[in-house]
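Please read the structure below before turning to the comments.
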Ligand SMILES: Cc1cc2nc3c(=O)[nH]c(=O)nc-3n(C[C@H](O)[C@H](O)[C@H](O)COP(=O)(O)OP(=O)(O)OC[C@H]3O[C@@H](n4cnc5c(N)ncnc54)[C@H](O)[C@@H]3O)c2cc1C
């Protein structure tokens, strides 16, 4: 008995089954051990690249699989359901989606084939020490100098910056005198540009993916470093945030499956009062409730992915999916730890290290509170609260 993925489409079922097999062969223990050694699980990443799973949502003309964001979400759900939640995938979702929809032909040719086959990596930088949930407060500046640009500022919590060949960066290029709002522009910044430095941010996440603070000190960029049009940076970056939310929802659904599978297995076998602990409704019901919430979160994720992949506005659906999936991942992981009693925190059972990864999804890439603000304001017509 497991929470195995069931797709309506045979090709997607095949994809899910193949990723489950690959990730299962690697396993959670190897994933966590790699993180503890300070490595990026390179064997798993290479195997995913070789099988074409990094590029599933990238168009075929750029070496990808030609699928949609739903395919990328399935890949990460299956990885996570085997205890391998690679947090680089949501970053891949933002960068690839923004480039596919908004980059120039030259930029697409320069980056998409490498992202698809795993030979290059782009990190995404929007957050700053003083601009997290409020992207309008971005202080990183790009100024026109000669025929190009000079970029200066600091980006915070940049996932995978140690692996990056480039950064997709949102920077201020001016301001609107009437509204006082920043005019933001999106830049592709080669990682070897002089003036870039990075500092590792130590976290309690047992994850192969590391977080960095990035400093840009007067970094010279050519005119064609701009993605899309000048001043359109926030709109373009936001267009990549829906795919990111959908893929994060996939990761959370997978984490919830992992937790429920472990919990149910343990509660079927562990006998304390002459019967398996799962006999007690106090143990069984929270798991059954999480199971129901998981199925709802998966439906919400599929709906959001469908809307995005078919060119519809997926904002509300992506937010709802991410909210529901992040909540069920954290709840399921917490209940799974409870069901294991003391063993819930032992390394052998592989739960406690994933608790933080599940928990952080309520904060990043968009917090619960900001999703609720969005729904309250835009879907219920309530006054803006901030
Ligand atoms: C593991 C991890 C990976 C990340 N990767 C990246 C990355 O690759 N690139 C990138 O650019 N960023 C990344 N981030 C940053 C992430 O997007 C931010 O942490 C997130 O947007 C929240 O911003 P903040 O941390 O500055 O919180 P703050 O903006 O300081 O907010 C703190 C708390 O207050 C709440 N809050 C703030 N304003 C309101 C309000 N108006 N109403 C209600 N509640 C409010 C927030 O919801 C939050 O709970 C990452 C973060 C983490 C933890």
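The values are calculated or read from the model by the stated rules, or taken from the named source; none is laboratory data. Note that the structure is predicted; figures quoted are calculated from it, not measured. Glycine gets a Cβ as well: all are built from the backbone with ideal geometry, and neighbour counts include every protein chain shown.
Restricting to segment 111-131, give me the number of residues that are buried (at least 17 other Cβ atoms within 10 Å of the Cβ) and either free of Cβ contacts under 8 Å to residues at least 40 places away in the same chain or within 10 Å of the ligand (Cβ to nearest atom) (or both).
7
Out of 184, 236, I need the residue that is crowded, with 24+ Cβ neighbours inside 10 Å and over 26 Å from residue 40 (Cα atoms). Which one?
From the options 184, 236, the qualifying one is 184.
Per-residue answers, yes or no, for (1) within 10 Å of the ligand (Cβ to nearest atom); (2) closer than 23 Å to residue 247 by Cβ:
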site	(1), (2)
346	no, no
355	no, yes
363	yes, yes
377	no, no
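Quick one: how many residues across segment 214-229 are surrounded by fewer than 18 Cβ atoms within 10 Å (Cβ to Cβ) and either at negative phi or within 26 Å of the chain's Cα centre (by Cα) (or both)?
7
So is residue 104 buried (at least 20 other Cβ atoms within 10 Å of the Cβ) and touching a residue at least 40 places away in the same chain (Cβ under 8 Å) or not?
So residue 104 does not fit the description; no.
With the requirement that a residue be under 21 Å from the mean Cα position of the chain (by Cα), buried (at least 16 other Cβ atoms within 10 Å of the Cβ) and part of a loop (DSSP other than H, G, I, E, B), what does segment 1-50 give you?
5, 40, 41
Let's see how each residue does on (1) closer than 17 Å to residue 90 by Cβ; (2) more than 16 Å from the ligand (Cβ to nearest atom); (3) surrounded by fewer than 22 Cβ atoms within 10 Å (Cβ to Cβ):
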| site | (1), (2), (3) |
| --- | --- |
| 275 | no, yes, yes |
| 316 | no, yes, yes |
| 322 | yes, no, no |
| 368 | yes, no, yes |
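Do you know which residues across segment 155-180 are out of contact with any strand residue (DSSP E or B) (no Cβ under 7 Å at 6 or more places or on another chain) and at pLDDT below 95?
Hits for segment 155-180 are 177, 178, 179, 180.
Any idea which residue in segment 195-212 is nearest to the ligand (Cβ to nearest atom), counting only those that are farther than 26 Å from residue 232 by Cα and surrounded by fewer than 17 Cβ atoms within 10 Å (Cβ to Cβ)?
Per the criteria, the residue is 203.
For segment 132-162, name all the residues that are part of a loop (DSSP other than H, G, I, E, B) and more than 11 Å from the ligand (Cβ to nearest atom).
Answer for segment 132-162, where residues must be part of a loop (DSSP other than H, G, I, E, B) and more than 11 Å from the ligand (Cβ to nearest atom): 139, 146, 147.
If you take the residues of segment 163-180 that are closer than 20 Å to residue 229 by Cα and in contact (Cβ under 8 Å) with a residue 40 or more places away in the chain, which of them is farthest from the ligand (Cβ to nearest atom)?
174
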